[in-house]
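Computed from the coordinates by the stated procedures, all read-outs in this text should not be read as laboratory data. Remember, it's a predicted structure, so these values are computed and weren't measured experimentally. Quick reminder, even Gly has a Cβ in these numbers, built from the backbone with ideal geometry, and neighbours come from all protein chains shown.
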Amino acid sequence: MPKLVRDLIPDIMRDQNKYGSFYTAEMVEFSERLCDKLFEEAQEFKESQSLEELADLLEVIYTLAELKGHTRVTLEEIREKKIKERGGFSLRLIKN
């Protein structure tokens, strides 16, 4: 199955004498692959608890926001508004 990769992966692979086939996705496919990547990175973070994987999640989220015509700033404003209206997760509350 085709997989979305970061922009520099073809160059990195070539520098390591590894080769693969790449193509540029149309917007509909790109959006679908980004959503797939979101779940992939979330699973990787769940397994590793790595700050690097968390940063990968942010990159996917920021790219999804940009794809929808929004900036990182707008996303952060929405996040802050939700915290004011509904709170965050710092109290670690679990609903039974």
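Within segment 72-92, being over 25 Å from Glu44 (Cα atoms) and surrounded by 10 or more Cβ atoms within 10 Å (Cβ to Cβ) holds for Thr74, Glu77, Ile78, Glu80, Lys81, Lys82, Ile83, Gly87. Going through (1) of a type in the set (Ser, Thr, Tyr); (2) exposed (fewer than 11 other Cβ atoms within 10 Å of the Cβ); (3) assigned to a helix (DSSP H, G or I) one by one, Ser31 falls short only on (2).
Between Lys81, Lys37, the distinction of being more than 12 Å from the chain's Cα centre (by Cα) and charged (D, E, K, R) belongs to Lys81 only. Among the residues of segment 34-57, just one is among the aliphatic types (A, V, I, L, M), exposed (fewer than 14 other Cβ atoms within 10 Å of the Cβ) and either farther than 19 Å from Asp7 by Cβ or touching an Asp or Glu at 6+ places or on another chain (Cβ under 9 Å) (or both), namely Leu51.
Taken over segment 45-96, the criterion of being closer than 23 Å to Glu32 by Cα, β-branched (Val, Ile, Thr) and assigned to a loop (DSSP other than H, G, I, E, B) is satisfied by Thr71 alone.
Would you be able to say whether some residue in segment 7-25 is among the small types (Gly, Ala, Ser), surrounded by 10 or more Cβ atoms within 10 Å (Cβ to Cβ) and part of a helix (DSSP H, G or I)?
Let us first name the residues in segment 7-25 that are among the small types (Gly, Ala, Ser), namely 20-21, 25.
Now drop any that are not surrounded by 10 or more Cβ atoms within 10 Å (Cβ to Cβ), which leaves 25.
Now restrict to residues that are part of a helix (DSSP H, G or I): none.
There is no residue in segment 7-25 that is among the small types (Gly, Ala, Ser), surrounded by 10 or more Cβ atoms within 10 Å (Cβ to Cβ) and part of a helix (DSSP H, G or I).
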